[in-house]
Amino acid sequence: MITFSHQAHAAARSNTDINYLFRNPTLRNFTAGFYGGETKREVTRDGWQDTTISSARYYGYIGYDIVRWLNLYGILGANDAKLPNATTADSELLYGLGVSFNLLNHSIREPTPIEDAIRINGDIRIISTEANFPTGSISWQEITASLRFSLVNFPTGDKRYRPEAIAIYAGPAFSYIHSSNVEAKQNAGVTGGLEIFFFDSLSIDLNVEHYDTTSVFGGLNMRF
């Protein structure tokens, strides 16, 4: 008796990008990344109680270049808030939208050992989250904006053992908390940090923000 068995095998796959539904020209305007860190804000709760909200935040983002210098992105992650002398609230959803823009990239005609270019970048975002404490729930939205002035260095040497570029940046920052429960004491602040570009499409960012207290974040950025 002769029997035939059927096994599924993939058809011959093309090695030519034009034969694919999703290929490089379709995805090259996308960006993505992940950030994590701790933020602290001095606030007035319920109109009279001064306190500090500390939040451990972890979130990812996906963005798209609307035009070559403007990127619109969405944020999704988790927020673990804590009040002084209180247990940490359960992890709550954090979500939002943002836009980043690249204003200036000026190459130095006679670069110094630590400076090959000057860049100006900006960012505006709004995020929403909440925290449920034994003493009551707090929900809020944060509207933040920053302007970064960067000194960029392109290291020389073997490309296999050095990053593509290193940027040191600083600039003004603004953060407004909208909530019926809390009000921030300080909205204006400063931001600064270090971004290392391993390739044009991959970088890590170490960021510090200071309003009334200091917050520290680290992140990974990718461009497709």
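Residues of the stretch 118-137 that are at pLDDT below 85 and farther than 21 Å from Ala78 by Cβ: Thr135 alone.
One line per residue, one yes/no per condition, for (1) closer than 27 Å to Met222 by Cα; (2) free of Cβ contacts under 8 Å to residues at least 40 places away in the same chain; (3) acidic (Asp, Glu):
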site	(1), (2), (3)
Asp50	no, no, yes
Tyr61	yes, yes, no
Leu76	yes, yes, no
Asp80	yes, yes, yes
Ala89	no, no, no
Glu92	yes, no, yes
Leu103	yes, yes, no
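Of the numbered criteria (1) in contact (Cβ under 8 Å) with a residue 40 or more places away in the chain; (2) closer than 18 Å to Ile75 by Cβ, the one Ile143 fails is (1).
Just for the stretch 185-218: of the residues that are among the polar types (S, T, N, Q) and assigned to a loop (DSSP other than H, G, I, E, B), which one is farthest from Ala145 (Cα to Cα)?
Checking each candidate, the answer is Ser201.
For the stretch 1-53, a residue qualifies if it is small (Gly, Ala, Ser) and either at pLDDT 90 or above or touching a Ser or Thr at 6+ places or on another chain (Cβ under 6 Å) (or both), and the qualifying residues are Ala32, Gly33, Gly36, Gly37. Against the list (1) out of contact with any strand residue (DSSP E or B) (no Cβ under 8 Å at 6 or more places or on another chain); (2) under 30 Å from Leu103 (Cβ atoms); (3) not acidic (Asp, Glu), the condition Tyr73 fails is (1). Scanning the stretch 188-202 for residues that are farther than 23 Å from Pro172 by Cβ and hydroxyl-bearing (Ser, Thr, Tyr) yields one hit, Ser201.
Residues that are of a type outside the set (A, V, I, L, M) and under 15 Å from the mean Cα position of the chain (by Cα) within the stretch 176-196 comprise Thr191, Gly192, Gly193, Glu195, listed in sequence order. Here Tyr161 does not fit the description of being at pLDDT below 95 and closer than 30 Å to Asp46 by Cβ.
The values are calculated or read from the model by the stated rules, or taken from the named source; none is laboratory data. None of these values were measured; they are calculated from a predicted model. Cβ coordinates were reconstructed from backbone atoms using ideal geometry, including for glycine residues, and neighbour counts include every protein chain displayed.
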